[in-house]
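Report on the structure given below.
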Amino acid sequence: MEKLDEFFKSLIGERNGKSDLEILEEIEGYLQTGGVDEAIAQLKNLEKEQNIFLALRMIMRSIVSQLDELNQLGTITQEDLQKVHEKVKELIPIVNTVFNSRYRALLMADLSVLFYCLNDELNGDMALRTAIDLARNHDDVLRDIMMCFIRKGLLNKAGYAIKMVREPEKLNVVLVQLAEMFYRAGDMKKARLIIDHIASPFHKTMAFYYIAAIEAEHNKEEALKILDAAFQMAEKVKDPEARFELTLKLYELKHSILGNTFSLKEILSRKGGPPQ
């Protein structure tokens, strides 16, 4: 165990007598003035894993912001990209010292975004595969990873990540949450794009239900159109009990929007009626 500790100390380095909080504040200060190299140099002085995680995320997000700014200005050169690429590669062994699977999944996702920004598809895909594998037991982390790619406009990579998730049920839950979040934020285009990737009729119906409820606050007519799509999707649910429960929820929302009550006969007349 002693040798193992020495190995990791050789990767991260010895402390310099300052507290982790002080070191994090120094890193933040360096990043505010564009001192990425200085910030990276301070990583070796951090002791607690969660603080190494926080510092790495701050550094990688700062690098992404700098790249975005240079791209907007149109002043970035191939030499600039190469220098940044070398800095990013320096972070990989430090990321790999993080044992917590949640932390490392998020860091690997950040790394993959950086590699894609640097036009390094191979390393980006490798980091993304690792991130998805590490996040397999953490639905919220998986959602955050998907959200990260969608926010960066890397929709094709978000789709790539979706295909790599080995448990469709877990993925469908995450996608429903994402669709609701983006619709609530006013980004209907991304919300509908996400819904298109939901494979399960049950979960796709629930996504329509949530966005119809959101839309009802602003446009009742449009909300009812979304509900019509939800009713049609609900009829594709094979489990009769699940189909009935969905239909009941949809009718409750529909009549809440219309401001009246519904009859049990109306529900039973549809295919979504309860099993006999």
- Task: Towards the positive end of the charge dipole of the stretch 74-166, with charges on Cβ (+1 Lys, Arg; -1 Asp, Glu), say which of THR77, PRO93, LEU128 has the farthest Cα.
- Result: LEU128
- Query: Any idea how far apart ARG192 and GLU49 come out in nm if each label point goes 7 Å out from Cα toward Cβ?
  - Reply: 4.4
- Note on the structure: Most fluctuating of ALA242, ALA105, ALA161 in the GNM of the chain (C-alpha, under 10 Å) is ALA242
- Too-long pairs where the Cα-Cα distance tops 23 Å, listed order kept, from LYS170/LYS190; LYS152/LYS249; LYS163/LYS254; LYS170/LYS236; LYS152/LYS225; LYS189/LYS249: LYS152/LYS249; LYS163/LYS254; LYS152/LYS225; LYS189/LYS249
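May I ask you to give the average projected area over all directions of the convex hull of the Cα atoms of the stretch 170-238, in nm² rounded to one decimal? Display every interim value, and only then the final one.
Values: hull surface 16.3 nm².
If I average the Cα hull's projected area over directions, I get 4.1 nm².
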- Message: Let me check against my output: what whole-number percent is the relative contact order of the chain, with C-alpha pairs under 8 Å and at least 6 apart?
- Response: 9
- Query: (i) 147; (ii) 185; (iii) 170: which one is volume of the Cα convex hull per residue in Å³ as calculated from this entry?
  - Reply: (iii)
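With a Förster radius of 51 Å, plug the Cβ-Cβ distance of SER101 and GLU221 into 1/(1 + (r/R0)^6) and report the FRET value to the nearest 0.05. Don't jump to the answer; show the numbers that get you there.
Values: r = 46 Å, r/R0 = 0.91.
With R0 = 51 Å, the Cβ-Cβ based efficiency is 0.65.
Using 0.36 nm per residue of separation minus the Cα-Cα distance, give me the extension gain between TYR160 and LYS89 in nm, one decimal. Let's see the in-between values first.
Numbers: separation 71, 0.36 × 71 = 25.56 nm, distance 2.28 nm.
Here the answer is 23.3 nm.
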- Task: Just grab the label-to-label distance for ASP140 and GLU235, each label 7 Å out from Cα along the Cβ direction, in nm (one decimal).
- Result: 4.0
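Where a number appears in this text, it was derived from the coordinates with a stated rule and is not lab data. Bear in mind the structure is a predicted one, so any value in this text is a computation, not a measurement. Glycine also receives a Cβ, built like all others from the backbone with ideal geometry; neighbour counts cover every protein chain displayed.
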